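Please read the structure below before turning to the comments.
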Amino acid sequence: MRLVQIDPSEIVELDTRVAIHGAVRVEETSIDDLFELLVGIAVLIYELAPGG
Amino acid sequence: MAAMSEADRGAIATARARSAATMRQWRERALYRATGDAFAECADCPERIADRAERLLADDDWAAGLLTPLVDALTQDPWFEPAIKFHRDGRRVGIVLFDCPAVSIAASVAGFVAGSAPPRTIVFTGRRAVTRVVKAGGAQLQSWAVPAEDGAAFCRSSGTRALEDGTLYRTDGRTEARMICDAAEDVVTLVATIRAGATPLMREYDIATGTLVRVADADDRPSRTAMLLRFLRVAGRADAAACFDAATRESAFHLRWAAMREWLALDAARAAPRLAEMAAADPSAEVRSAAAQMLPAIHARLRAAQCPA
């Protein structure tokens with residue numbers, strides 16, 4: 001059966017937005033953007049070598 | 001860059017074993033063991049840990065007693081590599097002299113740099129700390145406060161005082177923040193950071209306006225878990241339902257909701273029963289509210305998915 005998936009933009013966030021550990025005093029870089037990039041790279045590697 | 005000689009490679013390889021033996025001996029010394037014993041019976045009581053840390057730091061010979069054997073080892077063996085944690089950032093360099101489940105004690109030198117711009121933000125670490133100023137360097141101690149440990153939209157300045165060599169002070173990082181500033185020379189400190197009773201979040205405020213800039217995980221474990229859960233979602237691992245479910249039961253409220261968000265984005269049907277539980281009984285009012293807000297929309301989507309087009 002096909003999965004029912006909700007777009008993350010439709011899921012409410014908490015009032016308290018918590019940045020990842022290490023984000024304090026990091027003003028120059030968007031950590032979330034950086035993380036999405038890292039996940040993209042990780043997924044690419046996973047797809048290329050799923051058993052590697 | 002010049003290539004390393006074979007002789008140097010060999011020297012480094014053999015020095016590793018010597019360094020490991022030296023560090024084992026260092027941790028077996030009476031002073032190191034006595035320090036561990038001092039905290040062994042009070043790991044869950046922040047006030048008692050602070051009392052014991054204050055007594056240790058007030059002892060002029062304690063830090064020197066730990067450092068001297070390592071300095072001697074370096075003098076005798078230039079390849080000696082002390083296996084202790086080093087911290088370095090733009091303002092200071094430090095080493096962790098002692099670390100146990102109750103407390104971490106670090107020695108730091110904050111370098112005096114003429115004309116350097118002062119920080120624009122102040123951080124409430126969420127942890128209690130005891131500080132001994134070994135060399136004050138003519139610096140001032142600025143303090144800020146918030147009214148409650150669960151955070152506030154604004155912090156306020158609570159005074160500035162001159163530091164002197166030997167000054168000892170405590171900071172409750174849940175409601176207080178301090179910064180050493182306006183030094184004329186390098187400032188040397190010993191800081192005991194207490195793990196028990198800490199809040200899970202750090203809060204950073206703008207100094208000029210006092211406004212809250214950001215909130216972040218004080219501990220790296222919830223952040224790592226949240227990243228791994230996002231990876232599972234992006235990788236389409238719906239078979240990892242047990243991982244998402246377990247994370248929605250963690251102690252950090254923000255991690256519980258982060259896990260549920262990823263689970264809903266991956267497999268709303270499997271996540272829905274747990275979402276209903278969180279709406280009814282999660283310990284955090286914020287999480288209960290968010291879950292209750294999502295519940296009708298998720299049920300509607302699941303019903304729509306069951307209906308033939």
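The values are calculated or read from the model by the stated rules, or taken from the named source; none is laboratory data. Here the structure is a predicted model, which means the values were calculated and not measured. Cβ: placed from backbone, ideal geometry, glycine included. Neighbour counts: every protein chain shown. What goes into the accessible areas is simple: the full protein's heavy atoms, side chains included, and nothing from ligands, DNA or RNA. Shrake-Rupley method; radii C 1.70, N 1.55, O 1.52, S 1.80 Å.
Determine which member of the set B:Gly210, B:Gly197 is open to solvent by less than 10 Å² (accessible area, probe 1.4 Å), in contact (Cβ under 8 Å) with a residue 40 or more places away in the chain and within 30 Å of B:Thr121 (Cβ to Cβ).
After applying the criteria, what remains is B:Gly210.
Could you grab the pairs with beta carbons closer than 7 Å, sequence gap of 6+ or different chains, first residue in the range B:213-236 and at pLDDT 85 or above, second one part of a strand (DSSP E or B) and of a type in the set (Ser, Thr, Tyr)?
Going by the 7 Å Cβ cut-off, the qualifying pairs are B:Val213/B:Thr121; B:Val213/B:Tyr205.
Of everything in the range B:213-264, what is among the β-branched types (Val, Ile, Thr), open to solvent by less than 50 Å² (accessible area, probe 1.4 Å) and under 21 Å from B:Val123 (Cβ atoms)? Give them in sequence order.
Within the range B:213-264, B:Val215 is the sole residue that qualifies.
Can you name the residue in the range B:263-309 that is closer than 20 Å to A:Arg17 by Cβ and over 31 Å from the mean Cα position of the chain (by Cα) and is also farthest from the other protein chains (Cβ to nearest Cβ) among such residues?
Only one residue fits best here, namely B:Ala292.
What are the residue pairs meeting all of these: first residue in the range B:286-302, first residue of a type in the set (Asp, Glu), second residue surrounded by fewer than 20 Cβ atoms within 10 Å (Cβ to Cβ), Cβ atoms under 7 Å, and 6 or more apart or on different chains?
Correct list of pairs: B:Glu286/A:Leu14; B:Glu286/A:Asp15; B:Glu286/A:Thr16.
Name the single residue that is least open to solvent (accessible area, probe 1.4 Å) among those in the range B:117-135 being in contact (Cβ under 8 Å) with a residue 12 or more places away in the chain and assigned to a loop (DSSP other than H, G, I, E, B).
Step by step, filter the range B:117-135, then rank; the result is B:Gly126.
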